[in-house]
Amino acid sequence: VLPACLLLALLLLAPALEAQQERGLIFNLEIGELCMQSAQCKSGCCHRTSGLSLARCASKAAEFQECSPKSIYGVYYKCPCESGLTCDADKTIVGSITNSDFGVCKDPQDSSRR
């Protein structure tokens, strides 16, 4: 009896689990959706505007936009740079602890030409 109940439960839950992955309730979250870690967002950036605000998935910073270096915290006040760009920021211990080590996204190839 137990295996039949288990089989029935799996058959009923399978469509729900598949739909959950498509919608992205935990991972693959779209821009604007609530998040707790950047790993949950398709963009790779879980962003909050202040210490009291809710974090939401946001786009990574483009060239010349403010940015944060990648951190272990997983939630940013300024998103890291898009692929291929570097965040030109003062990477001090105090800045990384207080999450205030913001910079500007730059193309590393542009700076090597000058």
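Structure above, values below:
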quantity	calculated
Of all residues making up the range 70-96, the number that are within 16 Å of residue 107 (Cβ to Cβ), part of a loop (DSSP other than H, G, I, E, B) and open to solvent by less than 70 Å² (accessible area, probe 1.4 Å)	3
Condition check for residue 29: modelled with pLDDT of 95 or more and open to solvent by less than 80 Å² (accessible area, probe 1.4 Å)	yes
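The values are calculated or read from the model by the stated rules, or taken from the named source; none is laboratory data. Predicted model, so just to flag it, every value in this text is computed and none were measured. Note: ideal-geometry Cβ built from the backbone for every residue, glycine included; neighbour counts use all protein chains shown. Please note that ligands, DNA and RNA were not included when accessible areas were found on the heavy atoms of the full protein model with its side chains. Shrake-Rupley method; radii C 1.70, N 1.55, O 1.52, S 1.80 Å.
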